[in-house]
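Written out below as structure tokens is the structure these notes cover.
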Amino acid sequence: MSSCLRVFAVNLDKNMILELKNLKVAERQHYLQSAVAPRPICFASTIDKNGNINLSPFSFFNIFSINPPIVIFSPSRRGRDNTTKHSYENVLEVPEVVINIVDYEMVQQTSLASCEFSREVNEFYKAGFTEKPASLVKPPMVKESKVNLECKVIEIKPLGDQGGAGNLVICEVLLMHVDESILNEKGMIDQTRLHQVARLGDDWYCRVDEANLFRVEKPNIKLGIGFDSLPASVRASKILSGNDLGLLANVHEMPLIDPAFDDDHLKQIIQYYSVSPDEMEKELHSYARKLLSQGKVREAWQVLMVSVEH
């Protein structure tokens, strides 16, 4: 740990506690951007009143409302000299923007566009992107991007006047352009086909692809039973993780033993470990965890119910 950091305290759990008001702007940036991540990238094309086009990426970006459709990005004031960015200055003059979604195939060009070129320089040309006319707004779209959001700026909210202060650009999405190559047979975006990239801390990025995608069922209709309803032996398991318990606790009602449930490995565990209840519980929990990793929640519950009964 660097001695130059102003650490508020280190508690008994070995957590470093930082009081942000005592950190330098660059230090705050490191800790916050490393922790609040991954962040999607807003590749914003804007235009000033004289027709100068700017194209720049911002990772302080997200969607905040569906109805109305609102996205917000923040071109912050530069920490080193407190100057403002061309994108921010442009939307003050022409309150329109196209937000182009960045995927892995264009990430290096996008990084190049983040260079601080002078106002009259068009980053489309510098970074090798192709301008495509938008339908409703003046700034052009990035042809290479598979999703383009045409937006009108409805409000700009500065968050401070010092270096590092954000400027919230609140945008209403008017039109979406979606490349057919990322659509499924129902005309919906197939997440496995859109390989977005996102920003982490420092120079780190991450990539969305099939290898790192996973599903988590949304419990938005029926209520899960919750951790407090799990059997005590399951809740106190040294083998099942928090994620495992979360899957088990997300069922809508406490499962009952199914007499028709037939599992050869479960039979083997009962046979081999029946004389040692503690060892059998460990084996049952380990097997349940394996089943949970395969998405077999019902089967995992049946295995654990044997543990509870014994």
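Take the range 126-145 and flag every residue that is of a type outside the set (S, T, N, Q), out of contact with any helix residue (DSSP H, G or I) (no Cβ under 9 Å at 6 or more places or on another chain) and assigned to a loop (DSSP other than H, G, I, E, B). Talk me through it step by step, then tell me what you get.
Step one: filter the range 126-145 for residues of a type outside the set (S, T, N, Q), giving 126-129, 131-134, 136-144.
Checking the rest, the ones that are also out of contact with any helix residue (DSSP H, G or I) (no Cβ under 9 Å at 6 or more places or on another chain) come to 132-134, 136-138, 141, 143.
133, 134, 136, 137, 138, 143 - these are the residues of the range 126-145 that are of a type outside the set (S, T, N, Q), out of contact with any helix residue (DSSP H, G or I) (no Cβ under 9 Å at 6 or more places or on another chain) and assigned to a loop (DSSP other than H, G, I, E, B).
With the requirement that a residue be within 10 Å of residue 239 (Cβ to Cβ) and open to solvent by 80 Å² or more (accessible area, probe 1.4 Å), what does the range 263-282 give you? Correct list: 282 only.
Restricting attention to the range 283-296, the residues being modelled with pLDDT under 95 and either in a helix (DSSP H, G or I) or open to solvent by 90 Å² or more (accessible area, probe 1.4 Å) (or both) number 2. Could you grab me the full set of residues in the range 72-125 that are among the aliphatic types (A, V, I, L, M), part of a loop (DSSP other than H, G, I, E, B) and open to solvent by 20 Å² or more (accessible area, probe 1.4 Å)? Across the range 72-125, the qualifying residue is only 121. Residues of the range 222-275 that are farther than 20 Å from residue 293 by Cα and of a type in the set (Phe, Trp, Tyr): 272, 273. Exactly one residue out of 165, 134 is aliphatic (A, V, I, L, M), buried (at least 16 other Cβ atoms within 10 Å of the Cβ) and within 24 Å of residue 26 (Cα to Cα): that is 165.
Are any of the residues in the range 6-17 among the aliphatic types (A, V, I, L, M), at pLDDT below 95 and either surrounded by 15 or more Cβ atoms within 10 Å (Cβ to Cβ) or within 18 Å of the chain's Cα centre (by Cα) (or both)?
Of the residues in the range 6-17, the ones among the aliphatic types (A, V, I, L, M) are 7, 9-10, 12, 16-17.
Now drop any that are not at pLDDT below 95, which leaves 7, 9-10, 12, 16-17.
Within this subset, residues satisfying the condition of being either surrounded by 15 or more Cβ atoms within 10 Å (Cβ to Cβ) or within 18 Å of the chain's Cα centre (by Cα) (or both) are none.
No: the range 6-17 contains no residue that is among the aliphatic types (A, V, I, L, M), at pLDDT below 95 and either surrounded by 15 or more Cβ atoms within 10 Å (Cβ to Cβ) or within 18 Å of the chain's Cα centre (by Cα) (or both).
Mind checking which residues of the range 36-57 are among the small types (Gly, Ala, Ser) and crowded, with 18+ Cβ neighbours inside 10 Å?
Here is the first cut: in the range 36-57, the residues among the small types (Gly, Ala, Ser) are 37, 44-45, 51, 56.
Listed by number, the residues that qualify are 44, 45, 56.
Farther than 18 Å from residue 152 by Cβ, of a type in the set (A, V, I, L, M, F, W, C), touching a residue at least 40 places away in the same chain (Cβ under 8 Å) and open to solvent by 30 Å² or more (accessible area, probe 1.4 Å), is that true of residue 60? Spelling it out, residue 60 is indeed farther than 18 Å from residue 152 by Cβ, of a type in the set (A, V, I, L, M, F, W, C), touching a residue at least 40 places away in the same chain (Cβ under 8 Å) and open to solvent by 30 Å² or more (accessible area, probe 1.4 Å).
When the residues of the range 228-248 are filtered to those that are of a type outside the set (A, V, I, L, M, F, W, C) and not in a helix (DSSP H, G or I), which remaining residue is nearest to residue 114 (Cα to Cα)? Spell out how you get there, then give the answer.
Taking the range 228-248 as the starting set, the residues that turn out to be of a type outside the set (A, V, I, L, M, F, W, C) are 228-229, 231, 233, 235, 237-238, 241-244, 246.
With the extra rule that they be not in a helix (DSSP H, G or I), the set shrinks to 231, 237-238, 241.
Details: 231: 54, 237: 49, 238: 48, 241: 41 Å.
Per the criteria, the residue is 241.
Looking at the range 232-240, can you tell me whether even one residue there is touching a residue at least 12 places away in the same chain (Cβ under 8 Å), among the hydroxyl-bearing types (Ser, Thr, Tyr) and out of contact with any His (no Cβ under 7 Å at 6 or more places or on another chain)? For the range 232-240, residues touching a residue at least 12 places away in the same chain (Cβ under 8 Å), among the hydroxyl-bearing types (Ser, Thr, Tyr) and out of contact with any His (no Cβ under 7 Å at 6 or more places or on another chain): present.
Quick check on residue 256: is it over 34 Å from the mean Cα position of the chain (by Cα), open to solvent by less than 70 Å² (accessible area, probe 1.4 Å) and closer than 11 Å to residue 306 by Cα? No; evaluated as a whole, the condition is false for this residue.
The values are calculated or read from the model by the stated rules, or taken from the named source; none is laboratory data. Just so we're clear, the structure is a prediction, and the values are computed from it rather than from any experiment. So basically every Cβ, Gly included, is an ideal-geometry build from the backbone, and we count neighbours across all protein chains shown. Calculation scope for accessible area: heavy atoms of the full protein, side chains included, ligands and nucleic acids excluded. Shrake-Rupley method; radii C 1.70, N 1.55, O 1.52, S 1.80 Å.
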